[in-house]
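The values are calculated or read from the model by the stated rules, or taken from the named source; none is laboratory data. Treat the numbers as computed from the prediction; the structure is a model and nothing was measured. Here the Cβ positions follow ideal geometry from the backbone for every residue, glycine too, while neighbour counts run over all protein chains shown.
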Amino acid sequence: MKPRLLVQLLAGALFGAGLAISGMLDPARVIGFLDLAGDWDPALIGVMGGAVVTFGGGMLLRRRMAGGRGWFGRSLPCAMEMRIDRRLFIGALVFGAGWGLSGFCPGPGLANLAALRAEALVFAPAMAVGMLLARTGFGVDRE
Amino acid sequence: MPHSDYTLLHAIAGGILIGLGSLLAAFGSGKLPGISGMFSRVLRPVAGDALWRLVFFAGLLAGAGLMIAFNEPAAIYRPLRSLPVVAVAGILVGFGTRLGGGCTSGHGVCGLGLGSRAALVATVTFMAGGIATVYLLHHTGLAKLVR
């Protein structure tokens, strides 16, 4: 396998292992985090905090040490200069509703396929349908 | 069920692994590796720019599968909703992440990590949407809808 692809294989494996060990694959834990009025489970703050600090710190370090250069002749990605508009709000709200409804966001919805869990086998294709709907019906395709 | 084996340490360690995976993907591809964005581009592959995402997802399943197999807390899985509800949720998640330009990883990890204002707004909004939905489903008469 080319080194460029091997890096992505490793990246995905770290990501998937992280999702599993962090408890993100467990819908009850995710919904417990979103249930402020119930028996609130704050653990996902640790997941988010650990991930944001690691990614943000790593990008900063790499920029300090190597300028804007990534690996294999690529440059480091920059923060998305996305417009804060109605689409962003409505999209995020709709996504949040689906997340709260099921306890799955895209990563866990896909990673649970590894254990062939029935919910993932339903969620992943449904998510694909939702994405195709967004694209064909509304011409939406944002990076 | 060994639910009590799960600690805040698992949450933080898992978060660090997610951050490291995102870093590797970003260094190696030059793109911001949000899961919803990568998945939508797998659905509509562009020649020469598709394989790396597929390989990433192969790794994602392998990493998750290994953890589930060999680490008890990682194998905790408690689905709360019926499959039809999960199907509706999947459509909402797919549609919403494309309209809003990202999910928990693209906005919540990568965007926030880089200090993007749009990502912060999106993250606060989808959190609020999730919290409001769970409130409606667990603390009002709507609970019977998802049973």
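Of the residues contained in the stretch B:55-68, none is found to be out of contact with any helix residue (DSSP H, G or I) (no Cβ under 6 Å at 6 or more places or on another chain), over 24 Å from A:PHE123 (Cβ atoms), assigned to a helix (DSSP H, G or I) and not assigned by TED's automatic domain parsing to the domain that holds B:GLY106.
Results for (1) touching a residue at least 60 places away in the same chain (Cβ under 8 Å); (2) of a type in the set (Phe, Trp, Tyr); (3) more than 7 Å from chain B (Cβ to nearest Cβ), shown as yes or no for each residue.
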site	(1), (2), (3)
A:GLY46	no, no, no
A:VAL52	no, no, no
A:PRO77	no, no, no
A:MET82	yes, no, no
A:PHE89	no, yes, no
A:SER102	yes, no, no
A:ARG117	no, no, no
A:LEU121	no, no, yes
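Considering each residue of the stretch B:24-42 in turn, none proves to be more than 7 Å from chain A (Cβ to nearest Cβ) and closer than 19 Å to A:PHE33 by Cα.
Answer with yes or no whether A:ARG86 is of a type in the set (D, E, K, R) and within 20 Å of A:GLY16 (Cβ to Cβ). Reasoning before the result, please.
On the way: of a type in the set (D, E, K, R): yes; within 20 Å of A:GLY16 (Cβ to Cβ): no.
When the stated conditions are applied, A:ARG86 does not pass them.
Would you confirm, using the coordinates I've provided, whether B:PRO45 is in the same structural domain as B:ALA143 (by TED's automatic domain parsing), out of contact with any Phe, Trp or Tyr (no Cβ under 7 Å at 6 or more places or on another chain) and surrounded by fewer than 16 Cβ atoms within 10 Å (Cβ to Cβ)? No: the conditions fail for B:PRO45. Any residue at all in the stretch B:39-49 that is more than 28 Å from A:THR136 (Cα to Cα), small (Gly, Ala, Ser) and assigned to a helix (DSSP H, G or I)? Checked against the condition, which is being more than 28 Å from A:THR136 (Cα to Cα), small (Gly, Ala, Ser) and assigned to a helix (DSSP H, G or I), the stretch B:39-49 yields no hits at all.
For the stretch A:27-43, what are the residues that are within 7 Å of chain B (Cβ to nearest Cβ), crowded, with 18+ Cβ neighbours inside 10 Å and touching a residue at least 12 places away in the same chain (Cβ under 8 Å)?
Residues of the stretch A:27-43 that are within 7 Å of chain B (Cβ to nearest Cβ), as a first pass: A:27-28, A:31, A:34-38, A:43.
Imposing the further condition that a residue be crowded, with 18+ Cβ neighbours inside 10 Å reduces the set to A:27, A:31, A:34-35, A:43.
Hits for the stretch A:27-43 are A:PRO27, A:ILE31, A:LEU34, A:ALA43.
In the set (1) surrounded by fewer than 17 Cβ atoms within 10 Å (Cβ to Cβ); (2) in contact with a Gly (Cβ under 7 Å, 6 or more places away or on another chain), the condition left unmet by A:ILE84 is number (2). For the stretch A:1-25, how many residues meet the condition of being surrounded by 24 or more Cβ atoms within 10 Å (Cβ to Cβ), of a type outside the set (A, V, I, L, M, F, W, C) and outside any helix (DSSP H, G or I)? Here the count works out to 1. Looking at B:ARG78, is it among the basic types (Lys, Arg), within 24 Å of A:ALA126 (Cβ to Cβ) and more than 7 Å from chain A (Cβ to nearest Cβ)? Here the answer is no, as B:ARG78 does not meet what is asked. The single condition among (1) of a type outside the set (A, V, I, L, M); (2) in contact with a Gly (Cβ under 8 Å, 6 or more places away or on another chain); (3) in a helix (DSSP H, G or I) that B:ARG81 does not meet is (3).
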